[in-house]
1. On a full-extension model of 0.36 nm per residue, what is the gain between Met1 and Lys85, subtracting their alpha-carbon distance, rounded to one decimal in nm?
2. Ordered by residue, what ³J(HN,Hα) values in Hz, to whole numbers, does the stretch 20-30 give under the Karplus form 6.51 cos²θ - 1.76 cosθ + 1.60, where θ = phi - 60° and Gly and Pro are x?
3. Any idea of Thr93's accessible area? Nearest 10 Å², probe 1.4 Å.
4. Quick check: the angle from helix 10-19's long axis to the longest principal axis of the chain, C-alpha only, nearest 10 degrees?
5. Could you check how many percent of all C-alpha pairs in the chain are farther apart than 25 Å?
6. For Ile104 and Asp30, what is the calculated FRET efficiency with R₀ set at 35 Å and r taken between the beta-carbons, to the nearest 0.05?
7. Return the single residue from Glu125, Glu60, Glu115 with maximal mean-square fluctuation; model: Gaussian network over the chain, springs between Cα atoms under 10 Å.
8. Report the full-extension gain for the segment Ile75 to Lys121: residue separation times 0.36 nm, less the Cα-Cα distance, to one decimal in nm.
Amino acid sequence: MKQLIWKLILPLTVISFGTITKWWYTLPVDAPDTLYSGFPFPFAGAGWHSSMSLQIFVLELIVDFLIYFLLWFAIVFSINKYLTKINTYKIVTIGLWTISVIIILGASYIASFTEHIFYFKRPYEMEIMETGYKFIWQKTERPDYYKYHPKHTK
């Protein structure tokens, strides 16, 4: 199983973590409405001090990554134990690790921007207004502001 973790589970975790996510339209306490992303917990959202900044919540990010890992571990373990023995081919392992390294390098590059704010844990409460799932390459349309703020008119 140790071989499967390095050759299959870890790269699948990185690929799925980097491509499949959930968006959260929220109203943080004493802050503007904000769009966050992360599954099952929101761990990244727009920063309020600069248009190109992000707020990144490290604890939520780590927990999300562990949940992805445990999900892939359970799937691979179940298939390997109950259905058929999994034999990984070298070309598949190389391909999965290549995609994973590209995702890791891209995320590291984005995370290295100095305008981002890192919090260990989200320091404020928020009201979740709407959620949905998306692939990273899909554009998330902001929900209609006026739907959640009936006092304002268009």
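The values are calculated or read from the model by the stated rules, or taken from the named source; none is laboratory data. Not measured: the values here are computed from a predicted model. Note: ideal-geometry Cβ built from the backbone for every residue, glycine included; neighbour counts use all protein chains shown. Just so you know, the surface numbers come from the protein's heavy atoms only, side chains and all, with ligands and any DNA or RNA stripped out. Shrake-Rupley method; radii C 1.70, N 1.55, O 1.52, S 1.80 Å.
1. On the way: separation 84, 0.36 × 84 = 30.24 nm, distance 1.05 nm.
Using 0.36 nm per residue and subtracting the Cα-Cα distance, I get 29.2 nm.
2. Calculated HN-Hα couplings, in order: 10, 8, 10, 9, 10, 9, 10, 10, x, 5, 6 Hz.
3. Taking all protein chains as shown, Thr93 has close to 20 Å².
4. 30
5. Values: 4714 of 11781 pairs.
Tail of P(r) above 25 Å: 40 percent of Cα pairs.
6. Numbers: r = 35 Å, r/R0 = 1.00.
Rounded to the nearest 0.05, the efficiency is 0.50.
7. Highest fluctuation of the listed residues: Glu125.
8. Working: separation 46, 0.36 × 46 = 16.56 nm, distance 2.93 nm.
13.6 nm is the gain from fully extending Ile75 to Lys121.
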